[in-house]
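*Asks:* Take a look at this one; I'll ask things after.
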Amino acid sequence: MSEIKTWDWETSEKKIADYGGWKQNYKWVEEPYVSPDGEKIASIVNIDQGEFSVCVNGDAWENTFDKIWRLRFTPDGRASAIVSELGEWTFAIDDQAWENKFGYVWNPLYSDDGKNIVVAIQQDMQYGVAVNGVPWSELYPNATEIASNPSGTRTAATIQKEDLGQANIELFKKGVFSVAIDGTPWEQNFVNVWKKTFNTAGDRLAAEVRINLYDYTIAVDGKTWNETFSCVWQPSFHPLKNTVLAPVRLDGKWTLAEDGKIIWGTKFFQLWNQMVSPNDKSIAAIVATEFGRWTMAIDGVPWYATFGEMLTDPVFSPSGTRLAALGKDNGKWHVMIDGDIWKNVFDMAWKPVFSPNSQYVASKVEVNGKYTIAVNDCLWKRACDACWEPIFSPCGEKILCRTLENGICYRRVIPVKDIVR
């Protein structure tokens with residue numbers, strides 16, 4: 001969200017819309033979504049049988065559709081959704097539908113700036129990808145696990161090159177799956193292909209693959225690592241070195257490999273979601289130090305505190321020197337920073353957000369059926385009917401709070417020190 005500097009960081013409170021009053025104008029109103037800058041609130045609304053629209057700040061789109069689903073705001077603040085017209089599906093952005101229509105559309109991916117939108121498509125029982133409404137020139141009998149680079153200029157999917165017919169096991173064992181990039185397939189086939197990742201530039205792609213019934217490895221630009229493993233998880237690119245990192249299973253335990261070579265001496269019961277710090281000095285990953293006990297590890301060294309149900313949403317600070325994650329134990333959610341757990345416990349918590357100066361960390365949280373913002377283990381005094389993830393100002397000393405209270409959508413800009421007391 002590069003436009004964040006242009007947002008209004010001076011007005012302390014704005015009443016955006018009387019969302020609660022919309023129900024009087026429509027047969028029903030679905031769940032609301034708020035734009036990143038907090039200036040708009042939108043919902044899918046039903047006008048009549050088989051007639052749907054999107055209401056933004058109280059005004060409905062002029063166009064109506066047979067059905068609308070997966071309404072979201074793009075990173076640049078446009079209301080977007082998958083829509084159906086006369087039995088065909090496409091994508092609509094700020095009331096303008098793509099010209100091309102498809103048999104079905106799903107799994108939209110947004111570029112970092114919101115300018116490019118990638119979707120999975122089906123047309124005449126053939127599958128592929130469309131970018132801003134333009135489909136690949138070649139479609140396939142099956143296409144899954146779509147991916148794009150951060151700018152949305154390159155796309156990929158797992159494709160099925162040959163029809164297996166009625167469960168042709170011998171053909172399956174030979175390998176009929178591969179990767180297509182912008183519609184062009186790799187030459188090599190695999191028994192299976194799963195999640196894949198582009199590098200930032202979009203000129204390289206890595207994927208987790210199964211090369212026979214027993215061996216797994218990583219394929220990079222169509223060529224597999226020399227090393228094989230009993231299992232692998234989704235690879236990622238090192239942003240500085242452009243090497244490929246991936247969790248691999250070896251001798252019944254998991255560790256981290258780089259370009260096929262093991263780089264962590266420690267082995268874990270599980271390891272995934274590896275990530276390189278913004279300063280390119282550390283690599284972190286979610287790990288299980290023993291069966292059913294989850295924590296974070298940095299450069300192979302696990303944190304002491306563990307959780308029994310889940311650990312998710314890890315995020316490095318902009319400085320790369322701090323790390324936060326969410327943990328769940330005994331049905332309650334916790335925020336963990338640098339291995340220390342906040343004293344406050346929540347019914348639910350959302351991905352932590354660091355301030356630009358890495359001094360503060362905030363999270364949207366649920367407590368006793370109400371929603372609020374927690375910053376550095378301190379709770380905002382407002383308990384809201386709905387709340388969206390907090391966003392820090394460029395200076396890091398203010399925080400944007402987008403809330404729904406008694407049917408009214410508010411946009412508030414609050415000094416962080418009003419919460420951190």
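The values are calculated or read from the model by the stated rules, or taken from the named source; none is laboratory data. Bear in mind that the values here come from a model prediction, so they are computed numbers and not experimental data. Here the Cβ is made from the backbone with ideal geometry for all residues, glycine too, and neighbour counts use every protein chain on show.
*Asks:* Scan (1) part of a loop (DSSP other than H, G, I, E, B); (2) within 24 Å of residue 73 (Cα to Cα); (3) without any contact (Cβ under 8 Å) to a residue 40 or more places away in the chain for the single condition residue 113 breaks and write down its number.
*Replies:* (3)
*Asks:* Tally up the residues in segment 147-206 that are of a type in the set (Asp, Glu) and either over 24 Å from residue 239 (Cβ atoms) or at pLDDT below 95 (or both), please.
*Replies:* So the answer is 4.
*Asks:* Six or more apart or on different chains, Cβ under 6 Å: which pairs go from a residue in segment 1-30 that's closer than 14 Å to residue 54 by Cα to one that's hydrophobic (A, V, I, L, M, F, W, C) and in a loop (DSSP other than H, G, I, E, B)? Could you list them?
*Replies:* Taking only residues 6 or more apart or on different chains, not a single pair turns up.
*Asks:* Here is a check on your reading of the model: is residue 36 touching a residue at least 40 places away in the same chain (Cβ under 8 Å), touching a helix residue (DSSP H, G or I) at 6+ places or on another chain (Cβ under 7 Å) and buried (at least 18 other Cβ atoms within 10 Å of the Cβ)?
*Replies:* no
*Asks:* Specify which of the listed residues (115, 67) is closer than 29 Å to residue 405 by Cα and of a type in the set (D, E, K, R).
*Replies:* Details: 115 fails: closer than 29 Å to residue 405 by Cα.
Exactly one of 115, 67 is closer than 29 Å to residue 405 by Cα and of a type in the set (D, E, K, R), namely 67.
*Asks:* Hey, another quick one. Mind listing whichever residues of segment 126-170 are loosely packed, with under 15 Cβ neighbours inside 10 Å and either charged (D, E, K, R) or touching a Lys or Arg at 6+ places or on another chain (Cβ under 7 Å) (or both)?
*Replies:* Listed by number, the residues that qualify are 138, 163, 170.
*Asks:* Could I ask something else about it? Consider segment 376-392. How many of its residues are crowded, with 19+ Cβ neighbours inside 10 Å and either in a loop (DSSP other than H, G, I, E, B) or of a type in the set (D, E, K, R) (or both)?
*Replies:* 3
*Asks:* Within segment 204-226, is there a residue that is in a strand (DSSP E or B), touching a Pro at 6+ places or on another chain (Cβ under 6 Å), in contact (Cβ under 8 Å) with a residue 40 or more places away in the chain and not hydroxyl-bearing (Ser, Thr, Tyr)?
*Replies:* yes
*Asks:* Sticking with this structure for a sec: In segment 137-161, which residues are more than 23 Å from the chain's Cα centre (by Cα) and either assigned to a strand (DSSP E or B) or not polar (S, T, N, Q) (or both)?
*Replies:* 138, 139, 140, 141, 160, 161
*Asks:* Would you be able to tell me the number of residues in segment 229-248 that are buried (at least 18 other Cβ atoms within 10 Å of the Cβ) and more than 23 Å from residue 278 (Cα to Cα)?
*Replies:* Qualifying residue count for the region: 3.
*Asks:* OK, next. Out of segment 256-287, which residues are out of contact with any Pro (no Cβ under 9 Å at 6 or more places or on another chain), surrounded by 15 or more Cβ atoms within 10 Å (Cβ to Cβ) and not basic (Lys, Arg)?
*Replies:* Of everything in segment 256-287, those that are out of contact with any Pro (no Cβ under 9 Å at 6 or more places or on another chain), surrounded by 15 or more Cβ atoms within 10 Å (Cβ to Cβ) and not basic (Lys, Arg) turn out to be 258, 259, 260, 264, 269, 277, 282, 283.
*Asks:* Further question: I'd like to know if segment 8-28 contains one or more residues that are in contact with a helix residue (DSSP H, G or I) (Cβ under 6 Å, 6 or more places away or on another chain), hydrophobic (A, V, I, L, M, F, W, C) and either more than 24 Å from residue 356 (Cα to Cα) or surrounded by fewer than 12 Cβ atoms within 10 Å (Cβ to Cβ) (or both).
*Replies:* The answer is no, given that none of the residues of segment 8-28 is in contact with a helix residue (DSSP H, G or I) (Cβ under 6 Å, 6 or more places away or on another chain), hydrophobic (A, V, I, L, M, F, W, C) and either more than 24 Å from residue 356 (Cα to Cα) or surrounded by fewer than 12 Cβ atoms within 10 Å (Cβ to Cβ) (or both).
*Asks:* If I filter segment 76-91 for residues that are in a strand (DSSP E or B) and surrounded by fewer than 15 Cβ atoms within 10 Å (Cβ to Cβ), do I get at least one hit?
*Replies:* Within segment 76-91, not a single residue is in a strand (DSSP E or B) and surrounded by fewer than 15 Cβ atoms within 10 Å (Cβ to Cβ).
*Asks:* Then there's this: Quick one: is residue 59 buried (at least 17 other Cβ atoms within 10 Å of the Cβ), modelled with pLDDT of 95 or more and of a type in the set (D, E, K, R)?
*Replies:* No: the conditions fail for residue 59.
*Asks:* With respect to the numbered conditions (1) of a type outside the set (A, V, I, L, M, F, W, C); (2) over 22 Å from residue 324 (Cα atoms); (3) in contact with a Leu (Cβ under 8 Å, 6 or more places away or on another chain); (4) not in a strand (DSSP E or B), which one is the sole condition not fulfilled by residue 280?
*Replies:* Single failed check for residue 280: (2).
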